[in-house]
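J.: Before I ask anything, here is the structure I am working with.
What follows is calculated from the coordinates using simple rules that are stated; it is not laboratory data. Predicted model only: the values in this text are computed from it and were never measured. Cβ sites come from the backbone with ideal geometry, for glycine too, and all protein chains shown count toward neighbours.
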Amino acid sequence: MSTPSEAQRIAAVRKLTSELYLLQDRMNQTVDQITGLLHGSDIGALLPLPQGANRTADGALEHSLTPTALALPLPQVYVNNPGNGTLVSVECKLFSDYKNGSLQLVQVPSSRGSDARFAIVLNYANFDATYLSLVFDARELLRDLPAGKLRISMALETRADP
């Protein structure tokens, strides 16, 4: 059973880890800028965007959503054969109708160029499903936004191993 002090320590560790990831991201951006300048890239394309009303101090868009599963370490970094509707993080669920195949959900560190700190990998074998979906609930983000256009961007990578 967790004690309140243990829960506080875990929360503090996650907060500090998140701060380290922000610092690591900034360092990676700086290295990318230096490399680009050394290879002759346009200086205007490499320098950080000026801080405006729609950017936070770390350069992120003011109204952006980074799901917890992509920003912080999950308590369980892999789940074998997750059921339909499995909660991945506070705002993310996995849905699938597979019956006989094998499915594994794994949280891994992201590649250096990624916007998020972590990635979600779905490994499968003998997969017999008709659908496999990760659903992100953005209602909390949208609640405070004015009506208008919304752009959603997501990077997906697929790989097939023989």
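J.: Provide the FRET efficiency to the nearest 0.05 for the Y124-E19 pair, computing r from the beta carbons and using R0 = 22 Å.
T.: After rounding, the FRET efficiency stands at 0.05.
J.: Then there is this: If we sort 22-28, 115-121 on the protection proxy, mean other Cβ atoms within 10 Å, highest first, what's the order?
T.: 115-121, 22-28
J.: Report the FRET efficiency, 1/(1 + (r/R0)^6), for Q8 and H39, where r is their Cβ-Cβ distance and R0 is 45 Å, rounded to 0.05.
T.: Calculated value: 0.45.
J.: Would you mind calculating the gained length between L145 and L132 on full extension (0.36 nm times residue separation, minus the Cα-Cα distance), in nm to one decimal?
T.: Length gained, L145 through L132: 1.7 nm.
J.: What distance in nm separates the simple spin-label points at F95 and N28, each placed 7 Å from Cα in the Cβ direction?
T.: 3.0
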